[in-house]
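For reference, the structure discussed in these notes is given below.
The values are calculated or read from the model by the stated rules, or taken from the named source; none is laboratory data. Fair warning: this is a prediction, and the values are worked out from it, not measured in the lab. Note that each Cβ is placed from the backbone with ideal geometry, even for glycine, and that neighbours are counted across all protein chains shown. In case anyone asks, the SASA skips ligands and DNA or RNA and just uses the protein heavy atoms, side chains included. Shrake-Rupley method; radii C 1.70, N 1.55, O 1.52, S 1.80 Å.
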Amino acid sequence: MFIFGKSKKDKDSLRKGTVEKVKSRIMAVPRDAGIFSKPEEVISRAQDTDEIKIKSTSLENAPHIVAEYKEREYSLEIGSTDISFSAEELDYYPLREDEKTLLPDSDTALYIDMLFSEDNMDSYHFQIKMLNMLVPDMVALIDCDAYKAYSGRWAVMTAESSVPPSPTYMYTIHAVHEDECGDSVCQHTHGLNRCGTIELEILGSTTDNYNDFDGVLDTIAARLIGESKFIDEKEPLTVGVFADNSDIIVTWQRSEWALGAFPKDIQGNAEDRDDVHSLNMGVIYLYASEKDAAKGKLTSILKYGKKLQNNPLFYKTTSETQRMRALALERVDYMRKICDSTVEKNVLIKIGLKPDEKYGCDPDMNEYIWFELDELNENSFTATLTQDAYYVDGMVKGVQGEFAYDEIVDWRIYTPSICYSPDNVYLFGE
């Protein structure tokens, strides 16, 4: 049994949600393992680009690179390792057909270990860019901290992009259930400690309702990655609104304290814990109101299962909305190519509309709403609104408008076999 680390403070002391970062490990799986046979050749591939400046390289003790990216310096430890793949251990994002054939037989990978800088998003993106530089023809990318496997083609496109991948790529949510714990499920994240924050947990959910809480975990995790920090213990954070317009106010309590409020035989109990699932973890709670938040009165998130089923609205940060828009615009040409080559399709395009002044919205606010594509033209497109706008008079379901491509915030192309988005266009052209 793993013993939780004891706090040196008294029992009423609160802990920080921001913790010391651990090193991030991401691996590239090559098509030809022979490219790792000579470490000096691997290191020699590290070359200056318009974005990256190689400050030093070394083969003493182990391959090592110091590089600068966006005015921040990173120290990279390089190595190769034996690997094997298990469908149970990794969350596999869609692979291309050739990658599906090659990956199961791959037995070697090159890894980079490094500490993230103050900007988690840029750090993650830089790590992928460096792996693409050192392993120019990869089958797949393995994020060891998030237990995820990505297409090699996705990694190449991400490395070549000026836009970092979504925060959702940087963590995973595991829902653990074992028969000896009845229908109890333990939900927890992996990948956040490298971002300098606690890992998140929800305890006491069941096989019937655990999916209801994923939206809360996703919203909090993506936000803290983007902001490179997290709230302290029992501090309130509003992450959205329920359908009745009441705020979704979250907080957390350290796992070793929270366990006392749950049955001893639940999934995730103290005897289940090892050193990976113990320190720097916090159980998510909600505050029923601002008054409860002021008093520090916690309410189990399990009591909000039904409200979370009823289409709550979770907030995205401004920076995440800007990132999504930048990627959607960067890959508009893919959208047009897919549309031109696909007969059966339904295309939705998200546009940001400026609210009417009379509603008193923040001047920087946009109302983001989906339109159904009618026709693509050279410099613009026409589309029909799929729902009524709240803050723009006259913009109601069925209204058609003409828009410039630079007004696009996001897009989806639904075909009989796949839904394309800016994130997965690497699958186009199989």
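Looking at Ile266, Ile284, which one is hydrophobic (A, V, I, L, M, F, W, C) and under 19 Å from Gly17 (Cα atoms)?
Within the list Ile266, Ile284, the selection yields Ile284.
Could you please find all residues in the range 88-144 being closer than 24 Å to Leu427 by Cβ and of a type in the set (Ser, Thr, Tyr)?
Selection gives Tyr92, Tyr93, Thr101, Ser106, Tyr124.
With the checklist (1) among the hydroxyl-bearing types (Ser, Thr, Tyr); (2) open to solvent by 50 Å² or more (accessible area, probe 1.4 Å); (3) under 24 Å from Phe403 (Cβ atoms) in hand, flag the one item Tyr315 doesn't pass.
(3)
Inside the range 363-400, can you point out the residues that are under 23 Å from Thr342 (Cβ atoms) and in contact with a Ser or Thr (Cβ under 9 Å, 6 or more places away or on another chain)?
Trp370, Phe371, Glu372, Leu373, Asp374, Glu375, Leu376, Gln400
Identify all residues within the range 125-161 that are closer than 24 Å to Leu224 by Cβ and of a type in the set (S, T, N, Q); write none if there are none.
Gln127, Thr158, Ser161, listed by residue number.
Among all residue pairs at least 6 apart or on different chains, which show Cβ distances below 9 Å where the first residue, located in the range 37-61, is at negative phi and among the hydrophobic types (A, V, I, L, M, F, W, C) and the second is assigned to a loop (DSSP other than H, G, I, E, B) and open to solvent by 70 Å² or more (accessible area, probe 1.4 Å)?
Correct list of pairs: Ile43/Leu59; Ile54/Gln47; Ile54/Asp48.
Residue check: is Ser117 part of a strand (DSSP E or B) and of a type outside the set (A, V, I, L, M)?
In short, no.
What is the residue count in the range 353-363 for residues that are surrounded by 14 or more Cβ atoms within 10 Å (Cβ to Cβ) and either assigned to a loop (DSSP other than H, G, I, E, B) or in contact with a Leu (Cβ under 8 Å, 6 or more places away or on another chain) (or both)?
Selection size over the range 353-363: 3.
Within the range 25-52, work out how many residues are in a loop (DSSP other than H, G, I, E, B), under 17 Å from Thr108 (Cα atoms) and out of contact with any helix residue (DSSP H, G or I) (no Cβ under 8 Å at 6 or more places or on another chain).
Of the residues in that region, 3 qualify.
Suppose we keep only residues that are open to solvent by less than 70 Å² (accessible area, probe 1.4 Å), more than 31 Å from the chain's Cα centre (by Cα) and without any contact (Cβ under 8 Å) to a residue 12 or more places away in the chain within the range 375-430. Which one would you say is nearest to Pro355 (Cα to Cα)?
Gly394
Give me the residue from the range 93-126 that is loosely packed, with under 15 Cβ neighbours inside 10 Å and of a type outside the set (Val, Ile, Thr) and, out of that set, nearest to Asp48 (Cα to Cα).
Here is the first cut: in the range 93-126, the residues loosely packed, with under 15 Cβ neighbours inside 10 Å are 94, 97-98, 100-101, 104-105, 107, 118.
Next cut, of a type outside the set (Val, Ile, Thr) only: 94, 97-98, 100, 104-105, 107, 118.
Working: Pro94: 31, Glu97: 33, Asp98: 31, Lys100: 33, Pro104: 33, Asp105: 33, Asp107: 30, Glu118: 22 Å.
If we take residues in the range 93-126 being loosely packed, with under 15 Cβ neighbours inside 10 Å and of a type outside the set (Val, Ile, Thr), then Glu118 is nearest to Asp48 (Cα to Cα).
Sort through Glu40, Glu71 and tell me the only one that's open to solvent by 80 Å² or more (accessible area, probe 1.4 Å) and either at pLDDT below 95 or hydroxyl-bearing (Ser, Thr, Tyr) (or both).
Working: Glu71 fails: either at pLDDT below 95 or hydroxyl-bearing (Ser, Thr, Tyr) (or both).
Just a single option satisfies the conditions, and that option is Glu40.
Would you call Gln267 modelled with pLDDT under 95 and touching a Lys or Arg at 6+ places or on another chain (Cβ under 8 Å)?
Numbers: modelled with pLDDT under 95: yes; touching a Lys or Arg at 6+ places or on another chain (Cβ under 8 Å): no.
When the stated conditions are applied, Gln267 does not pass them.
Val156 - would you say it is farther than 19 Å from Tyr92 by Cα, of a type in the set (A, V, I, L, M, F, W, C) and either modelled with pLDDT of 95 or more or in contact with a Phe, Trp or Tyr (Cβ under 6 Å, 6 or more places away or on another chain) (or both)?
The answer is no for Val156.
May I ask you to list pairs of residues, at least six apart or on different chains, whose Cβ atoms are under 8 Å apart, with the first in the range 92-113 being closer than 29 Å to Ile43 by Cβ and in contact (Cβ under 8 Å) with a residue 60 or more places away in the chain and the second being assigned to a helix (DSSP H, G or I) and β-branched (Val, Ile, Thr)?
Close Cβ pairs satisfying both conditions: Leu110/Val42.
Tell me, please, whether a residue that is open to solvent by less than 10 Å² (accessible area, probe 1.4 Å), in contact (Cβ under 8 Å) with a residue 40 or more places away in the chain, in a helix (DSSP H, G or I) and not β-branched (Val, Ile, Thr) can be found in the range 133-150.
Checking the range 133-150: at least one residue is open to solvent by less than 10 Å² (accessible area, probe 1.4 Å), in contact (Cβ under 8 Å) with a residue 40 or more places away in the chain, in a helix (DSSP H, G or I) and not β-branched (Val, Ile, Thr).
Six or more apart or on different chains, Cβ under 6 Å: which pairs go from a residue in the range 290-304 that's open to solvent by 30 Å² or more (accessible area, probe 1.4 Å) to one that's among the aromatic types (Phe, Trp, Tyr)? Could you list them?
Leu298/Tyr285
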